[in-house]
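S.K.: Sharing a structure, written as structure tokens. Questions coming.
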Amino acid sequence: MDGENRIILNVGGIRYETYKATLKKIPATRLSRLTEALANYDPILNEYFFDRHPGVFAQVLNYYRTGKLHYPTNVCGPLFEEELEFWGLDSNQVEPCCWSTYSIHRDTQATLAILDKLDIDAEKPSDEEIARLFGYEDDYLAGTLSRWQRLKPRVWSLFDEPYSSAGAKIVAVVSVFFICVSVLSFCLKTHPNMRVPVIRNVTVNVTQDFGIQYAWTLDKERTDPHEAFFYLELVCNAWFTFELAVSPNLVQFVKSPVNVIDFVATLSFYTDILLQSSVAHRIDKADILEFFSIIRILRLFKLTRHSPGLKILIHTFKASAKELTLLVFFLVLGIVVFASLVYYAERLQPNPHNDFKSIPEGLWWAIVTMTTVGYGDMVPKTYLGMFVGALCALAGVLTIALPVPVIVSNFSMFYSHTQARSKLPKKRRRVLPVEQPRRKRGEGVINRRMNAIKHHHPAIFKDAFGGAKIGLQR
């Protein structure tokens, strides 16, 4: 009886022996439905053969025996999930002691999905993919591309794919140069030595002993940037305008925030020229018009196209959005609480030099204290106020320090995966699907006849073959 209940499983060349009753413990799975009519049953060896991972199957069989599913640390998480799916088991049944180790691969897969969107060290797109990007796919397949349709993708590759060719690398260096010159020009033109005063003659009445006389005096109305900065920005924006002209279709262009910033910054230059020439002389505070050109400083984000590290940093903050939100929440909570405490603490004792006239003024003090800046423009002068200030500083250090390791860990994870991906080959080896072996002619007929004789006439089968386990695999 014990021999009839035993079953042999050959998984990846390793034979496992167990009881049929053990496999029935978890119903509706592959092992619970084993019969001799299956194709992977070998009647000669009296075993079931599965071309699967034997190491994972050891844990699967142990799950049938003990009811506890553990994760083998010597295999990758996706491989473990694929094996469990093949055997018909649920991966969520992994024991809590192994869950943290097992679920790491899911975070890794999410990280790799983000890196795929960043296009870091991506393979150079084919001509068909570029034609699809520009909407020329039909013309490309028909072979009816015009000269401009052939030229525009090449120009786009020069400006948008910095590492696609030697010419693209040169264009990338030139683009970075113009970005730096534009930002440097925007900053230097605000320096007093780089500005030219606008002088006007003002007629004034001067009262003297022999009557009223008229005099002229020079009055500095405003200061304008030196004329050289205008020509510098004109050359830079001509380059940026040309970059925008060779961009792909509008939908793909708008989807990128960096492209939108570049477009608005370039447009602001031309609008400033129109405003300066039309209404600047009518406005007393013409410097206000220059405030709107601050959008040009955001053109520095274009450097993310040339620096993978900046892309990783931006997506690190996106991945750490929950931690940053929690940090801001606790900072706001602490700022309001300590601003209120220091306001009332300074009023409990006589304090003629009280700097905290109201709670809103105390908010500024709480901000600079919790962020450990400490300008010193507002300080508590009573002992109780100093105690509140000490608590505020300690709370600020703890609040800021807690989420920082999570952000650093996310950046390290993104950066390490990026470095690992850069060392992998761009094209992976293609694995062909497994072909099922073909049966020999007449093999199925012989097999069916022998099984029929064994089933209906076991005595004849035993006399003819001496009880030997003979049969062909179906």
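S.K.: Within the range 243-253, identify whether any single residue is at pLDDT below 70 and surrounded by fewer than 10 Cβ atoms within 10 Å (Cβ to Cβ), and answer yes or no. Working first, answer last.
M.R.: In the first step, residues of the range 243-253 are kept if they are at pLDDT below 70; the result is 246-253.
Pick out the ones that are also surrounded by fewer than 10 Cβ atoms within 10 Å (Cβ to Cβ) and you get 250-251.
Yes, there is a match, as at least one residue in the range 243-253 is at pLDDT below 70 and surrounded by fewer than 10 Cβ atoms within 10 Å (Cβ to Cβ).
S.K.: Check off (1) assigned to a helix (DSSP H, G or I); (2) at pLDDT below 85; (3) open to solvent by 50 Å² or more (accessible area, probe 1.4 Å) for A122 and give me the number that stays unchecked.
M.R.: So A122 meets the others, but not (1).
S.K.: Moving to a separate point now. Can you give me the number of residues within the range 363-382 that are aromatic (F, W, Y) and at pLDDT 90 or above?
M.R.: Counting residues in the range 363-382 that are aromatic (F, W, Y) and at pLDDT 90 or above gives 2.
S.K.: For the range 16-37, what are the residues that are of a type in the set (D, E) and at pLDDT 90 or above?
M.R.: Result: E17, single match.
S.K.: Restricting the range 353-384 to residues that are over 16 Å from L333 (Cβ atoms) and among the β-branched types (V, I, T), which is most open to solvent (accessible area, probe 1.4 Å)?
M.R.: T372
S.K.: Kindly indicate whether T101 is outside any helix (DSSP H, G or I), modelled with pLDDT of 80 or more and in contact with a Ser or Thr (Cβ under 7 Å, 6 or more places away or on another chain).
M.R.: no
S.K.: Given the range 264-352, what helices (runs of 4 or more DSSP H) lie entirely inside it while holding 3 or more residues that are modelled with pLDDT under 85, within 37 Å of the chain's Cα centre (by Cα) and crowded, with 17+ Cβ neighbours inside 10 Å?
M.R.: Correct list: 308-319.
So that you can scan it fast, the table gives a plain yes or no per residue for (1) surrounded by 15 or more Cβ atoms within 10 Å (Cβ to Cβ); (2) more than 21 Å from E85 (Cβ to Cβ); (3) at pLDDT 90 or above:
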{"residue": "I14", "(1), (2), (3)": "no, no, yes"}
{"residue": "A39", "(1), (2), (3)": "no, no, no"}
{"residue": "H53", "(1), (2), (3)": "yes, no, yes"}
{"residue": "Y63", "(1), (2), (3)": "yes, no, yes"}
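S.K.: List the residue pairs whose Cβ atoms are under 6 Å apart, where the first residue sits in the range 119-138 and is farther than 21 Å from A420 by Cα, the second is at pLDDT below 65 and exposed (fewer than 12 other Cβ atoms within 10 Å of the Cβ), and the two are 6 or more positions apart or on different chains.
M.R.: Filtered contacts from the range 119-138: G135/N249.
S.K.: List pairs: first residue in the range 47-70 and without any contact (Cβ under 8 Å) to a residue 24 or more places away in the chain and farther than 21 Å from K20 by Cβ, second residue assigned to a loop (DSSP other than H, G, I, E, B) and open to solvent by 30 Å² or more (accessible area, probe 1.4 Å) anywhere in the structure, Cβ distance under 8 angstrom, at least six positions apart or on different chains.
M.R.: G55/N74
S.K.: Of the residues that sit in the range 151-167 and are in contact with a Leu (Cβ under 9 Å, 6 or more places away or on another chain), outside any loop (DSSP other than H, G, I, E, B) and modelled with pLDDT under 75, which one is nearest to L303 (Cα to Cα)?
M.R.: The residue in question is W156.
S.K.: Is it fair to say L141 is modelled with pLDDT under 75 and part of a helix (DSSP H, G or I)?
M.R.: For L141, the condition - modelled with pLDDT under 75 and part of a helix (DSSP H, G or I) - is not met.
S.K.: Considering only residues that are open to solvent by 100 Å² or more (accessible area, probe 1.4 Å) and in a helix (DSSP H, G or I), look in the range 396-438 and name the one that is modelled with the highest pLDDT.
M.R.: Looking at the filtered set, the residue picked out is L398.
S.K.: Same structure again: Please tell me if F387 is part of a helix (DSSP H, G or I), among the aromatic types (F, W, Y), open to solvent by 60 Å² or more (accessible area, probe 1.4 Å) and modelled with pLDDT of 90 or more. So that I can check it myself, show each step before the final result.
M.R.: Numbers: part of a helix (DSSP H, G or I): yes; among the aromatic types (F, W, Y): yes; open to solvent by 60 Å² or more (accessible area, probe 1.4 Å): yes; modelled with pLDDT of 90 or more: yes.
Considered against the rule, which asks whether it is part of a helix (DSSP H, G or I), among the aromatic types (F, W, Y), open to solvent by 60 Å² or more (accessible area, probe 1.4 Å) and modelled with pLDDT of 90 or more, F387 comes out as yes.
S.K.: With open to solvent by less than 60 Å² (accessible area, probe 1.4 Å) and of a type in the set (F, W, Y) as the only criterion, which of Y71, Y19 stands out?
M.R.: Going through Y71, Y19 in turn, the sole match is Y71.
S.K.: Would you mention how many residues in the range 73-89 are assigned to a loop (DSSP other than H, G, I, E, B) and not aliphatic (A, V, I, L, M)?
M.R.: The first filter runs over the range 73-89 and keeps only residues assigned to a loop (DSSP other than H, G, I, E, B), leaving 73-76, 88-89.
After this cut, where a residue has to be not aliphatic (A, V, I, L, M) as well, the list is 73-74, 76, 88.
Counting residues in the range 73-89 that are assigned to a loop (DSSP other than H, G, I, E, B) and not aliphatic (A, V, I, L, M) gives 4.
The values are calculated or read from the model by the stated rules, or taken from the named source; none is laboratory data. Bear in mind the structure is a predicted one, so any value in this text is a computation, not a measurement. Glycine gets a Cβ as well: all are built from the backbone with ideal geometry, and neighbour counts include every protein chain shown. Keep in mind that these areas ignore ligands, DNA and RNA; they rest on the heavy atoms of the full protein, side chains included. Shrake-Rupley method; radii C 1.70, N 1.55, O 1.52, S 1.80 Å.
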